[in-house]
Amino acid sequence: MSNHPSPALLAALRDRLGPKGFSSDSADLAPWLEDWRRRYHGAAAAMLSPASTDEVSDIVRFCADEGVALVPQGGNTSMVGGATPGPEGDALLLSMRRMNKMRSLSADANVAVAEAGVILAHLHDAAASVGRRFPLSLGARGSATIGGLVSTNAGGTQVLRFGTMRGLVEGIEAVLPDGSVFNSLAALKKDNRGYDLRQLLIGAEGTLGVVTAATLRLVPAVGSRSVAWIGLASPEKALALLRLLDNAVGDAVESFELVPRQALDLVLRHVSGTRAPLQGTHEWHVLVEAVAPMVAPDPEKEFGRALRAALAIGVVEDAVIAASEAQAEAFWRLRDSISEAEKKDGPAAKHDISVEVSTMPRFMVEAAAEVERRFPGTRVVPFGHLGDGNVHFNVRAPTDAAAGWIENEGLAVTAFVHDLVTAAGGSISAEHGIGQMRLSELARLGDPARLAAMRAIKKALDPKGIMNPGKLVPALDDAQESLA
Ligand code: MLT
Ligand code: ZN
């Protein structure tokens, strides 16, 4: 258990950080004490907003001395309550948003060094200004920060070719739980000096220290892209199409996103200015993006030829390739609006699962049938990153569901879905992390050897338990607690 911050500690922090770096005004704090989905409501005595690594180091040292907990926060777009303090009010909120400098950007070395508070969209712009790009993107790119993306090992809609953050972070600077600074920003391709602390900090959700900057891999800018909206009969056909496109255009396929008819209907109903790209009705769609760098031949001809072949052999029912950038953006808007449309439509038990890519189509269809049979009136609307085996297997509440469905029946639905995915050898958190929301489920279903190792690592690096307590690492009794 951490301690409440004393008046003396608060005064010392205020002196060290100055008026821009310290606030205990409840109006300043309020927007940052609630998670993006409005499921978690926390409390904190103050919000600390350091502007440098030295300031972060002093904050952590002061807090470690008094055993006071810190909750690091970036853009506050965690899907699992990972950056929201608990309700007790004994933790301090550590906002990284003022540390927003691009420290360096090199087209020759193909790397950028960005501080934790740099917003993803700004990194995209900075990379484009030197003829490069940072190849990870997601719906929250206008607010998600580099520190948050590293700390959650973010995925998104472009993982197929370049992987998650883990594959894109070449160096890290972080403040460890005793206030010491771990500087490993050099982009070394080979480094065998022992345990890889960088990889340990990626995806640690701030439980092992505070990421203050990262060296990120850049790749050649996009020369041309082809974006197609494709109608098909089943997830199996979608996977067959992915294999066909792999053979025809290989690495060029960077996004392969599955959208069921119900998800498209939700977007068309709730998001203004949207229209269906194809005329007929199809049970399933995929949004595919194929990209070629400046110097490579345009993939459009091969891509179009492969789609026509898929149509001829019945893998695909219909398809349209965007004729302009505006149309490509309109296709992407349909995909990126699914969560927003879902939220407007009513309650759902949300899941972020993965199984092996080749087994996902069958898993999805069979699991959906089992869920709908076991929980009459529910509808499964699974969508997302089929190309990398990660689907948001969301289960919509029955239309006559009572208020509080998510916190009651929804929890039983979640346990049922997680049991199915665990039995299939998959993961209950493919890209959103564990945060607070998945903690008890990780405790219930996680591999005991892995959980014991996680607890041991946490205890070794953060013996006072001050770094983002109550997130990611289940305590021994967490399995008994409610899922909410
Ligand atoms: C997405 O892929 O759209 C998000 O990760 C899913 C979500 O908002 O649940
Ligand atoms: Zn996603």
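Here are some notes:
- Segment 348-484 - Kirkwood radius from inverse mean 1/r over Cα pairs (Å): 15.8 Å
- Square roots of five times the Cα gyration tensor eigenvalues for segment 66-116, Å: 31, 13, 8
- Taking only the C-alpha atoms of segment 273-415, Rg followed by Dmax gives 18.0, 57 Å.
- Computed packing ranks the peptides 416-423, 13-20 as 416-423, 13-20, most packed first, by mean other Cβ atoms within 10 Å.
- These residues, Val355, Val365, go from largest to smallest accessible area, 1.4 Å probe, as Val365, Val355.
- Computed from the Cβ-Cβ distance with R0 of 51 Å, the FRET efficiency linking Asp246 to Ala11 stands at 0.25.
- Measuring only protein heavy atoms, the 1.4 Å probe finds Arg166 accessible over about 90 Å².
- Computed from label points 7 Å out along Cα-Cβ, the spacing between Phe162 and Ala43 is 4.3 nm.
- Taking all protein chains as they are arranged and a probe of 1.4 Å, the heavy atoms of Val181 leave approximately 70 Å² accessible to solvent.
- Linear extension gain, Ala456 paired with Asn408, 0.36 nm per residue minus alpha-carbon span: 14.0 nm
- Largest first and in whole Å, the equivalent-ellipsoid semi-axes of segment 398-448 read 23, 13, 10, each the square root of five times a Cα gyration tensor eigenvalue.
- Length gained on full extension, Glu34 to Gln199, computed as 0.36 nm times the residue gap minus the Cα-Cα distance: 56.5 nm.
- The largest-to-smallest principal axis extents of the Cα set in segment 135-259 are 55, 28, 26 Å.
- Segment 155-177-segment 413-484 distance, computed between alpha-carbon centres (Å): 21 Å
- Ranked by how many other beta carbons lie within 10 Å on average, peptides 137-147, 303-313 from highest: 137-147, 303-313
- With eigenvalues of the C-alpha gyration tensor scaled by 5 and rooted, the chain, Å: 38, 28, 20
- For the pair Val365 and Arg269, the difference between a 0.36 nm per residue extended length and the Cα-Cα distance amounts to 32.1 nm.
- Quarter of Cα convex hull surface for segment 3-125, i.e. mean projection, nm²: 8.4 nm²
- FRET efficiency for the pair Ala475 and Leu188, taken as 1/(1 + (r/R0)^6) with r the Cβ-Cβ distance and R0 = 35 Å, rounds to 0.45.
- Heavy-atom surface of the chain, accessible at 1.4 Å and reported per residue (Å²): 42 Å²
- Taking Cβ atoms as reference points and 12 Å as the exclusive limit, the residues near Gly280 contribute a net charge of -2, counting Lys and Arg as +1 and Asp and Glu as -1.
- Inter-part distance where segment 21-91 and segment 222-239 are each reduced to a Cα centre, Å: 41 Å
- Among beta bridges that DSSP assigns inside segment 309-440, antiparallel share in %, nearest 5: 90 percent
- Of the whole protein surface, Met102 contributes about 70 Å² of accessible area at a 1.4 Å probe radius.
- With the highest mean first, a sort of the peptides 21-29, 314-322 on other beta-carbon atoms found within 10 angstrom per residue produces 314-322, 21-29.
The values are calculated or read from the model by the stated rules, or taken from the named source; none is laboratory data. Note that the structure is a prediction, hence the values are computed from the model and not measured. Methodologically, a virtual Cβ is constructed for each residue, glycine included, from the backbone with ideal geometry; neighbour enumeration extends over all protein chains shown. Heavy atoms of the whole protein, side chains included, go into the accessibility calculation; ligands, DNA and RNA do not. Shrake-Rupley method; radii C 1.70, N 1.55, O 1.52, S 1.80 Å.
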